[in-house]
Amino acid sequence: ALQQAAQCARSLRDIDRAKALAEKIPIAAVAATVRMENLLAQRDFDAIVAKFGDEEFSQWPFWQVGAAAFIRGQAYASTKSGDKAEADLQTALQYTSDSRTRTSILATMGDNRESNLKDDRGALDAYRRNFESDDRIGAADQVRSVQGAARILTRQGEFDAAIATLKRANIETLSGYWRHAMQVSLGDTFAAAGRRDEATHAYRSVLN
């Protein structure tokens with residue numbers, strides 16, 4: 001209950017209350033996780049690494065390992081420590097059963113591999129695991145993964161595969177930011193493929 005209350009406080013941008021709630025949690029591993037969540041909400045990635053970089057999550061209760069590893073993995077990825085991020089994200093994936101959280105872990109793993117490790121093959125694998133087995137793609141991290149996979153395929157000159165990947169997201173059914181972002185990605189891919197008329201149409205769809 002205290003952990004959920006801290007989450008509510010963060011949603012209200014009341015970090016002081018979230019910090020106070022963390023101090024009331026009697027289970028050390030859960031209290032530490034909430035402290036990490038509070039720092040993550042403030043985007044204080046350096047503080048997460050400094051304060052929790054030496055934590056051995058394997059010694060924690062098994063039901064708390066995944067959450068903690070995912071938070072530290074995000075911090076490592078954001079501070080460009082790609083190898084350490086990969087290790088924590090693999091641990092998080094191993095100890096996490098919730099499907100939505102696993103989707104977020106895989107999206108972060110793909111981004112870390114692409115941006116920090118310069119491993120396009122590994123990144124493409126992580127991204128694809130987020131959407132290839134699903135008939136309907138709707139979660140934000142799934143759409144991000146579609147976008148990431150298409151970006152890599154475009155960079156590799158696999159334009160038809162990139163376009164087919166983007167269309168997996170059923171762009172016309174999306175709304176708001178993601179519809180516009182995916183239309184831009186489609187336009188960029190058409191442009192890279194030399195298909196100028198289709199690129200122009202995609203870009204104009206955003207303006208419309």
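Using the structure shown, decide if Y177 is open to solvent by less than 40 Å² (accessible area, probe 1.4 Å), hydroxyl-bearing (S, T, Y) and not in a loop (DSSP other than H, G, I, E, B). Before the answer, list the steps.
Details: open to solvent by less than 40 Å² (accessible area, probe 1.4 Å): no; hydroxyl-bearing (S, T, Y): yes; not in a loop (DSSP other than H, G, I, E, B): yes.
No: the conditions fail for Y177.
So S99 clears everything in (1) under 20 Å from S145 (Cβ atoms); (2) of a type outside the set (K, R); (3) touching a residue at least 12 places away in the same chain (Cβ under 8 Å); (4) surrounded by fewer than 20 Cβ atoms within 10 Å (Cβ to Cβ) except one condition, right? Which one?
Of (1) under 20 Å from S145 (Cβ atoms); (2) of a type outside the set (K, R); (3) touching a residue at least 12 places away in the same chain (Cβ under 8 Å); (4) surrounded by fewer than 20 Cβ atoms within 10 Å (Cβ to Cβ), only one is false for S99: (3).
Filter the range 54-90 down to the residues that are of a type in the set (F, W, Y) and farther than 14 Å from S115 by Cα and list them by number. Before you say what the answer is, go through the steps one by one.
Just the residues of the range 54-90 that are of a type in the set (F, W, Y), to begin with: 57, 60, 62-63, 70, 76.
Correct list: F57, W60, F62, W63, F70.
Report whether or not V146 is assigned to a helix (DSSP H, G or I), touching a helix residue (DSSP H, G or I) at 6+ places or on another chain (Cβ under 7 Å) and closer than 22 Å to A77 by Cα. Don't jump to the end; show me each part of the working.
Numbers: assigned to a helix (DSSP H, G or I): yes; touching a helix residue (DSSP H, G or I) at 6+ places or on another chain (Cβ under 7 Å): yes; closer than 22 Å to A77 by Cα: yes.
Yes, satisfied.
For S58, work out the one condition from (1) at pLDDT below 95; (2) among the hydroxyl-bearing types (S, T, Y); (3) touching a Gly at 6+ places or on another chain (Cβ under 8 Å) it doesn't fulfil.
With respect to (1) at pLDDT below 95; (2) among the hydroxyl-bearing types (S, T, Y); (3) touching a Gly at 6+ places or on another chain (Cβ under 8 Å), S58 is out only on (3).
Can you name every residue in the range 16-46 that is over 21 Å from Y76 (Cβ atoms) and among the small types (G, A, S)? Outline the logic, then answer.
Step one: of the range 16-46, the residues over 21 Å from Y76 (Cβ atoms) are 16-28, 30-31.
Correct list: A18, A20, A22, A28, A31.
Can you tell me which of Q90, Q59, Q74 is closer than 17 Å to L106 by Cβ and open to solvent by 70 Å² or more (accessible area, probe 1.4 Å)? Explain how you work it out, then say what you get.
Values: Q59 fails: closer than 17 Å to L106 by Cβ; Q74 fails: open to solvent by 70 Å² or more (accessible area, probe 1.4 Å).
After ruling out the rest, the residue left standing is Q90.
Kindly provide the set of residues from the range 127-170 that are of a type in the set (K, R), surrounded by 13 or more Cβ atoms within 10 Å (Cβ to Cβ) and under 20 Å from the mean Cα position of the chain (by Cα), ordered by number.
So in the range 127-170, the residues of a type in the set (K, R) come out as 128-129, 136, 144, 151, 155, 167-168.
Filter once more, keeping what is surrounded by 13 or more Cβ atoms within 10 Å (Cβ to Cβ): 128-129, 144, 151, 167-168.
Those that are of a type in the set (K, R), surrounded by 13 or more Cβ atoms within 10 Å (Cβ to Cβ) and under 20 Å from the mean Cα position of the chain (by Cα): R128, R129, R144, R151, R168.
The values are calculated or read from the model by the stated rules, or taken from the named source; none is laboratory data. Since the structure is predicted, the reported quantities are computational estimates derived from the model, not experimental observations. Note that each Cβ is placed from the backbone with ideal geometry, even for glycine, and that neighbours are counted across all protein chains shown. Calculation scope for accessible area: heavy atoms of the full protein, side chains included, ligands and nucleic acids excluded. Shrake-Rupley method; radii C 1.70, N 1.55, O 1.52, S 1.80 Å.
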